[in-house]
């Protein structure tokens, strides 16, 4: 007899798989997932950091992000605005989090570590939210599909 309480959680960023339920259900799900996970582990892109926050065809999301924020930040033109700098940092920050969300403090610290001091980081997040580039999620923020598309347009303009 199967229950309705099976839970499967996969976090590609931290390479975690969690299956919860009865012993039989966990075994059944593991048998289903094992071949898929094995294929993913052996795929050429498995060592690259996945950055897509939502399905879509954004090249920022499909490409791997460098391990270092500084290296990632230098992929963008130096002429971007403070609001766009915050968006770049926000996207990078959320790719490192299991819940794929960011806080203003996390993004601001990434910029600060690069010697970039924003006058009002909270206002930059607010302006990104007004442009629908970020949205509130579980007490934090997440970069939206339009935000990712905007990042793509900045990178394209830079190359």
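Residues that are closer than 22 Å to residue 98 by Cβ and assigned to a helix (DSSP H, G or I) were ranked within segment 35-54; the one that is modelled with the highest pLDDT is 36.
Scanning segment 118-150 for residues that are touching a strand residue (DSSP E or B) at 6+ places or on another chain (Cβ under 8 Å), without any contact (Cβ under 8 Å) to a residue 24 or more places away in the chain and part of a helix (DSSP H, G or I) turns up just one, 129. Of note, residue 115 satisfies the criterion of being more than 15 Å from the chain's Cα centre (by Cα), without any contact (Cβ under 8 Å) to a residue 24 or more places away in the chain and not in a helix (DSSP H, G or I).
The values are calculated or read from the model by the stated rules, or taken from the named source; none is laboratory data. Remember, predicted model here, so these are calculated numbers, not experimental data. Reconstructed Cβ throughout: ideal geometry from the backbone, glycine too, with neighbour counts over all protein chains shown.
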